[in-house]
1. For Ser106, which of the numbered conditions (1) at pLDDT 95 or above; (2) out of contact with any Asp or Glu (no Cβ under 6 Å at 6 or more places or on another chain) fails to hold?
2. Sort through Ala333, Ala352, Ala326, Ala339 and tell me the only one that's closer than 26 Å to Thr295 by Cα and touching a Leu at 6+ places or on another chain (Cβ under 7 Å).
3. Are there any pairs, at least 6 apart or on different chains, whose C-beta atoms fall under 8 Å, with the first in the range 334-349 and surrounded by fewer than 16 Cβ atoms within 10 Å (Cβ to Cβ) and the second assigned to a loop (DSSP other than H, G, I, E, B) and hydrophobic (A, V, I, L, M, F, W, C), and if so, which?
4. Mind checking which residues of the range 286-330 are part of a loop (DSSP other than H, G, I, E, B) and buried (at least 19 other Cβ atoms within 10 Å of the Cβ)?
5. Criterion first (touching a Gly at 6+ places or on another chain (Cβ under 7 Å) and of a type in the set (Asp, Glu)) does Asp203 satisfy it?
6. Of all residues in the range 225-248 being in contact (Cβ under 8 Å) with a residue 24 or more places away in the chain and in a helix (DSSP H, G or I), which is most open to solvent (accessible area, probe 1.4 Å)?
7. For the range 101-210, which fully contained helices (runs of 4 or more DSSP H) count at least 2 residues that are touching a residue at least 60 places away in the same chain (Cβ under 8 Å)?
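The values are calculated or read from the model by the stated rules, or taken from the named source; none is laboratory data. Bear in mind the structure is a predicted one, so any value in this text is a computation, not a measurement. Cβ: placed from backbone, ideal geometry, glycine included. Neighbour counts: every protein chain shown. SASA here: full protein model, heavy atoms, side chains in, ligands and nucleic acids out. Shrake-Rupley method; radii C 1.70, N 1.55, O 1.52, S 1.80 Å.
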Amino acid sequence: MSKAGSALRLDGDGKPIWVLLELTYQCPLKCVFCSNPVDFDRYRENELSTEEWKGVIRDARKMGAMQIGFSGGEPTLRKDLEELVAEANDLGYYTNLITSGIGLTSKRLAALKEAGLKHIQLGFQSSDRDTANMLAGVESFDRKLAIAKEIKAHGFPMVLNVPISRHNIAQVPEIIDLASELGMEYLELANVQYYNWALLNRDQLLPTREELEWAEAEVNKARQRLGDAMTIFFVIPDYYEGRPKACMNGWGSIHLTIAPDGSALPCSQARTIDTLAFPNIREHSLEWLWRESPTFQKFRGDGWMKEPCRSCDEREKDFGGCRCQALLLTGDAANADPACSKSPHHHIIQQAIGESAIPDGKAGSLIARQGGYRLGREAT
């Protein structure tokens, strides 16, 4: 039986095979389900420089990383994005851009193609203009639609990523049709996960079980109709699964996120665990951060687990679930993820599900994320 901090395992063979670089938390949108830290403004003046990011890219490759994602916030706000993509491509990474599309142009797409960018994931809110603009907090639908067509025109493989909530779940058939018309290879209908801004807005975002069952049935119809023309992923929120998701394939197992200020995180939401001190690449080597730091060893293996996780025969499948969700909903990151029906805190999830059935307009109002980044400015 593995213990906390013991030898790493699973597909990565102890390597951070997937590295996500959150180049900036700044973003032109104000999405009500934003995964940025609620206090994202505090990181604005302390972003890594171009050379610091290049050092991270080189060091992660030496450790065996194979895939790299450029994300944010909105990564295209970094004027050095093409330079960083080129560095990663030259080192042999599979490169992926995760973007809202705002800030991309045909000229910039050509430059990213030249730099070696292999894949783009475009965030989209809805097939309906008014719904999309409401969820994004700004008028962005037309711009996103135009840039989706430009991305395809430049020949990029592409995922259209649509966070699903009660506000757009009834539009799932139309969203599928739009993705098909745009020639998408992949469509990810990712039901919103409830952290940060999404957790603040959960009562207004969480669909009912009936809505999810209907949407999943529509997805299955579309899969039969479209065949191999487009792959559709439908990610059910773990609130309705009865078992938690195998978050990041286990804490510090295959995934490494570097935040804009250089903090190393086992996942992009890990900062919500404010009882941990996250090590920084400005102070330690990436090798030490990944292999030796107390933070990355904290929830590795199963030695840290409490009951019922400790004796559960599924602990090597779901790894106890999400540590961030456990903290946010129970106050202790070492507790069983309350999404699990075996958790003594599962009633918290059941209560949230019950509140999701409150008719619209009676459960409060959406909290719009403030501080959207003005496109007239460029990040350094």
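1. Tallying (1) at pLDDT 95 or above; (2) out of contact with any Asp or Glu (no Cβ under 6 Å at 6 or more places or on another chain), Ser106 fails exactly one: (2).
2. Numbers: Ala352 fails: closer than 26 Å to Thr295 by Cα; Ala326 fails: touching a Leu at 6+ places or on another chain (Cβ under 7 Å); Ala339 fails: touching a Leu at 6+ places or on another chain (Cβ under 7 Å).
Step by step, each of Ala333, Ala352, Ala326, Ala339 is checked, and only Ala333 is closer than 26 Å to Thr295 by Cα and touching a Leu at 6+ places or on another chain (Cβ under 7 Å).
3. Lys342/Cys312; Lys342/Ala336; Pro344/Ala336
4. Once the filter is applied, which keeps residues that are part of a loop (DSSP other than H, G, I, E, B) and buried (at least 19 other Cβ atoms within 10 Å of the Cβ), the range 286-330 yields Lys298, Phe299, Arg300, Gly301, Asp302, Trp304, Met305, Cys309, Phe319, Gly320, Gly321, Cys322.
5. Working: touching a Gly at 6+ places or on another chain (Cβ under 7 Å): yes; of a type in the set (Asp, Glu): yes.
Yes; evaluated as a whole, the condition is true for this residue.
6. We begin by selecting, within the range 225-248, every residue in contact (Cβ under 8 Å) with a residue 24 or more places away in the chain; these are 226, 229-247.
Still in the running and in a helix (DSSP H, G or I): 226, 229, 238-240, 247.
Working: Leu226: 36, Ala229: 73, Asp238: 5, Tyr239: 6, Tyr240: 25, Cys247: 27 Å².
Ranking the candidates gives Ala229 first.
7. On the way: elements: 106-115, 129-136, 141-153, 172-181, 196-200, 202-205.
In the range 101-210, 129-136, 196-200, 202-205 are the helices (runs of 4 or more DSSP H) which contain 2 or more residues that are touching a residue at least 60 places away in the same chain (Cβ under 8 Å).
So that you can scan it fast, the table gives a plain yes or no per residue for (1) open to solvent by 20 Å² or more (accessible area, probe 1.4 Å); (2) under 27 Å from Ala264 (Cα atoms); (3) among the hydroxyl-bearing types (Ser, Thr, Tyr); (4) touching a Phe, Trp or Tyr at 6+ places or on another chain (Cβ under 7 Å):
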residue	(1), (2), (3), (4)
Met66	yes, yes, no, yes
Asn89	yes, yes, no, no
Gly101	no, yes, no, no
Leu122	no, yes, no, no
